[in-house]
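Structure first, then comments.
The values are calculated or read from the model by the stated rules, or taken from the named source; none is laboratory data. Keep in mind it's a predicted model, so treat the numbers as computed, not measured. No Cβ is skipped: glycine too gets one built from the backbone with ideal geometry, and neighbour counts run over all protein chains shown.
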Amino acid sequence: MSEQQIPFCQHNEKFIAVQSAEKAKLCLECLAIKGKAILIEDQMKNVQNMKSLFNKEKQEQVQKNIASLEELKTNINLLKQFYINQADKINQDVESWKSQIKASGDSFIAEVNKQEQYDMQQFLSSVQQLQNTYIKHLSQFKINIEELLKQLQLPEILQTCNKNLENIQFVSNVDEKKRMDQMQDNLKVQLNIFCEKHTQKRIKILDMGSENNKSRRLACRLCLDQYNSQNYKSVEHAHSEWNKIVKKRQESLQRNLLEIQGKVQQINENMQSMQEKIKQSVDQNLTKLDNNYNQYKLNVEQSKKEMNLEWQNLSREEILKILDEMNKIQNISNSEDPLQTQYTNQDKLVNQIVKDNFLFLQECQLDQITQLNPYIQNQIFDEITTLFKKKKPNPNLNQIGKIESEVSKNNYLIQQEEQPIKKINNTNFTYNLMKESSIKEEQSCRAMVFNQNCSIILVGCNQYIYVFEFRQGIMKQNQILTEHENNVITLNFMKKSNQFISGSEGDGLIIIWQLNSNNEWILQQRLKEHSQGIRCLILNENEDLFVSGGLDNKIIFWAKQNQWIVQQIIQKQCVYALSLNEQQNKLISCAQDNQILILEYQKQKKKWNIKQKIPIQQKGIRVCFIDDNLFILQTYLNDLLDVYEMKNANEYTKTKGIQVMRGQEDESPFFPQQYIKSRRLLVNKNCQYINIIKNNENGEFVTQQSIEFQSSKLYGSMSDDAQYLITWDEISKEIQIRKYQEL
């Protein structure tokens, strides 16, 4: 392409790309703006600025170090002079003490020499006086020395020197290199890969779409002139996004490691406990067997001894006794023989001990099985059943039936505990925080939803979708979905298929996700009709229609054929919330234009038409149908929920208000209003409060619980069976789950 053929854009730069959606030609700077990238030139300027700032900080620190060193030098000289002065003073004190001692001694000797005759009493008195003088001078000298030593330990000048040293900061070559490396990290990521078509050009951009031509997926800047793709992103952007994914995966791996560690530790403790119980039982039963056998052996020996008596030594009474015994034996069967009966009883006792021991071992196993989750229990039971079906029936294995019965009973109780409460009763209830389920998450989570049986939780965390497995009250992350480039705002599970829908804020992208054979969620279809961000999305019960509202003032109806297609578009000012009635033939929308729009579906025309417009004082931000004839509206910064009922002329009219907690903070969007029909519960988020409202059978709405958070930046939803409430708020920065509990 010649220079004359290349036009210039508003940035006075050559066009290097074309954006087909807007039919706009882009220069490198335009491309960076559209793709939310940073120009390399700008990044180089940032690095230069960082270098200049670093050099400036370094020069300032050097000047501070020089000043501190000069001050330190002065203070060291002062400290030196101080110690010299103190040494001189000590020397003076020593010489003074020596002089005083010498003078006292000389005075004593002179006094003694004057005496011509020695009075012993007077002499001893002089000696005592001299000794007292020595002690006095010595005590004073010690006091002076101690005071001088204290001054030498921490003089004020030394403390000042220490402060000077603390103010001196040296930047080592290692630290400087580390900071320079950090600055270099902000530069573009250099790949040692070159373009297949432009062999001298290094790869600079990557196609991050899901369906791509491999030859175009790695491209240089020149490739932009030939291939037009909205999915092209810089290597730096891809590298940054991959680092985020790696970080999340590492965190997930660490959580999994800790979970397995806890499970293994618990199993070890259980197995050790079972091992100890088994050992005790075996030892006790072996002791019992030995004792019973020894006693029986003594009885046998005694009986044998009595039988081997010599007849010539027997008395008359003993002979008569033997005759009676013989007479009895002739008249009874062998089984009634006392010796045989004794043997039979002993044999039964041995068998009973063995049986009791093995029954106890089975009970220990059963105790361990019942501590496992139902899935593992069923697996173990199936293995046991299969094992014994392969063998011949044995009447002595009746205890297996007992284990089967106990496990089945236990499974039933667990299933009963996990089943949603279906009956509506008049008892009070509350939603209690499950602390063991909480997960710390620093990024904003603006959308979250349970699947139908609460085994899967989806969380929209900025532009990512986290997929969690939810079992036994514990969330375990399985997958991170990264197809969205903007904040995920809406998530809707489908109940009749393994699919869900997500919508994002900035670009208005809607994605249909499908669960594949590997139990992984994959992108099935992209829908890009909204020109701006999604605000709300609802799905009908047949799951062949969903409706989306966005910041582009559109309500779009999507119909399911082979794929999802646009069925109808209605222009409407920025839509905040949507709701379908029970018959699925009426749709409410509330928006910024301070009015409620009621749309009705015309079967003959297969089209949605505006049925009624209701003016309101404040903009509506949340709305939901209770039944075909009644819906609830929440308006902006209002502590009353408005109740609208269908009265006359097939139109809705405001009839009353429901008092709810609101708080003082500004309202934050999202967190749709929900009505759980099976439980007759209305879930309303109002500023920093979540209000749980019960719809009594007489039509009265009573607030059952108001959960206060510290911020209105609060997002979440309730499960379809009303068993769980999931939230994320800006203060705790935790994904929290609360569970229904009757009081």
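Output yes when any residue across region 481-492 is hydrophobic (A, V, I, L, M, F, W, C) and touching a His at 6+ places or on another chain (Cβ under 7 Å), and no when none is. No: region 481-492 contains no residue that is hydrophobic (A, V, I, L, M, F, W, C) and touching a His at 6+ places or on another chain (Cβ under 7 Å). Answer yes if at least one residue in region 506-515 is under 23 Å from the mean Cα position of the chain (by Cα), closer than 23 Å to Ile726 by Cα and in a strand (DSSP E or B), and no otherwise. No - not one qualifying residue is present in region 506-515.
To keep it simple, each residue is scored yes or no on (1) in contact (Cβ under 8 Å) with a residue 12 or more places away in the chain; (2) out of contact with any strand residue (DSSP E or B) (no Cβ under 6 Å at 6 or more places or on another chain).
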{"position": "Lys476", "(1), (2)": "yes, no"}
{"position": "Glu485", "(1), (2)": "yes, yes"}
{"position": "Leu491", "(1), (2)": "yes, no"}
{"position": "Asn498", "(1), (2)": "yes, no"}
{"position": "Gly503", "(1), (2)": "yes, no"}
{"position": "Asp507", "(1), (2)": "yes, yes"}
{"position": "Ile510", "(1), (2)": "yes, no"}
{"position": "Asn516", "(1), (2)": "no, no"}
{"position": "Leu537", "(1), (2)": "yes, no"}
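The set of residues from region 431-470 being in contact (Cβ under 8 Å) with a residue 24 or more places away in the chain, assigned to a loop (DSSP other than H, G, I, E, B) and within 18 Å of Asn498 (Cβ to Cβ) comprises Asn451, Gln452, Cys454. For beta carbons closer than 9 Å, sequence separation of 6+ or different chains, a first residue in region 48-70 that is of a type in the set (Ser, Thr, Tyr) and a second that is surrounded by 12 or more Cβ atoms within 10 Å (Cβ to Cβ) and assigned to a helix (DSSP H, G or I), the qualifying pairs are Ser68/Lys163; Ser68/Asn164; Ser68/Asn167.
Considering the conditions (1) in contact with a Leu (Cβ under 9 Å, 6 or more places away or on another chain); (2) at pLDDT below 75, Ser215 is excluded by exactly one of them, (1). Name the residue that is nearest to the chain's Cα centre (by Cα), counting only residues in region 657-682 that are within 21 Å of Gly550 (Cα to Cα) and among the aromatic types (Phe, Trp, Tyr). The qualifying residue nearest to the chain's Cα centre (by Cα) is Phe671.
Taking region 540-656 and the strands (runs of 3 or more DSSP E) fully enclosed by it, the elements with 3 or more residues that are surrounded by fewer than 16 Cβ atoms within 10 Å (Cβ to Cβ) and under 41 Å from the mean Cα position of the chain (by Cα) are at 564-571. Within region 229-247, being under 16 Å from Ile203 (Cα atoms) and touching a residue at least 60 places away in the same chain (Cβ under 8 Å) holds for Tyr232, Lys233, Ser234, Glu236, His237. Of the numbered criteria (1) in contact with a helix residue (DSSP H, G or I) (Cβ under 9 Å, 6 or more places away or on another chain); (2) at pLDDT below 55; (3) surrounded by 11 or more Cβ atoms within 10 Å (Cβ to Cβ), the one Glu13 fails is (2).
Which count do you get for residues in region 663-715 that are among the hydrophobic types (A, V, I, L, M, F, W, C) and surrounded by fewer than 16 Cβ atoms within 10 Å (Cβ to Cβ)? Reasoning before the result, please.
Residues of region 663-715 among the hydrophobic types (A, V, I, L, M, F, W, C): 670-671, 676, 681-683, 687, 690, 692-693, 701-702, 707, 709, 714.
Filter once more, keeping what is surrounded by fewer than 16 Cβ atoms within 10 Å (Cβ to Cβ): 702.
Selection size over region 663-715: 1.
Taking the stated definitions as given, is Leu587 modelled with pLDDT of 90 or more and not charged (D, E, K, R)? Yes: the conditions hold for Leu587.
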